[in-house]
């Protein structure tokens, strides 16, 4: 019989302990952007990371997405102490296990929808014969089949953000980070993007941590984590 404690630990995909980030800007007083945060996130969970501007949300996201180095504390993803990895190991880990959705889509304008989505697979060294079916299946998953040969300029903002989602999940990442993915979208496009992300959680067991300022986004998530002045303020289940 599987030990229940072990099963509980196996459900934890991201664990941060004492996470702290301090910026030293010349001779000015140090800026404590994130202060001693300890949290656990479960597999297949959709989390909204919330708080006022300057509360530390984006800084926290950058630390757990391996885009920055914490001043102190540890980060574990799928049981691996990623904060202790070398820079090359972090790069390899990001390519294989992390997806990231940017607020401004970050698509390459000269590439088609298909080519943008395929970029992570190319970075991993796969040939088009090896990744073509996966890319097409991922495009279908976000509801953009038939638009594979369109350029970003031929797509709406909501469609471009769904291309960004497809690119982020094509390598089947263990965890998906989203930095205010609906900030530049109208309400209808925002709803479609959030429903796409919700489907990934419900039907594909994806874990998503999303930074957002929008209270309406909370209706789509399982849990909200609020930061205030770099510290954990509220952590609650919403559904």
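Remarks
- Treating r as the C-beta distance of residue 72 and residue 172 and R0 as 22 Å, the FRET efficiency rounds to 0.10.
- Fully extending the segment from residue 108 to residue 218 would add 36.6 nm, taking 0.36 nm per residue of separation and subtracting the current Cα-Cα distance.
- Acute angle (nearest 10 degrees) that the helix 128-141 long axis makes with the longest principal axis of the chain, alpha-carbon atoms: 80 degrees
- Rounded to 10°, Cα long-axis angle of helix 187-204 versus longest principal axis of the chain: 80 degrees
- Take the Cα of residue 136, step 7 Å toward its Cβ, do the same at residue 151, and the gap between the two points is 2.5 nm.
- Nearest-ten-degree value, helix 87-97 long axis tilted from longest Cα axis of the chain: 60 degrees
- Calculated mean residue ellipticity at 222 nm for the chain: -10500 deg cm²/dmol, from DSSP H runs with n ≥ 4 weighted as -39500 (n - 2.57), summed, divided by the residue count and rounded to 500.
Bear in mind these aren't lab numbers, they're just calculated from the coordinates by the rules spelled out. Everything numeric here is computed off the predicted structure, so don't read it as measured data. So basically every Cβ, Gly included, is an ideal-geometry build from the backbone, and we count neighbours across all protein chains shown.
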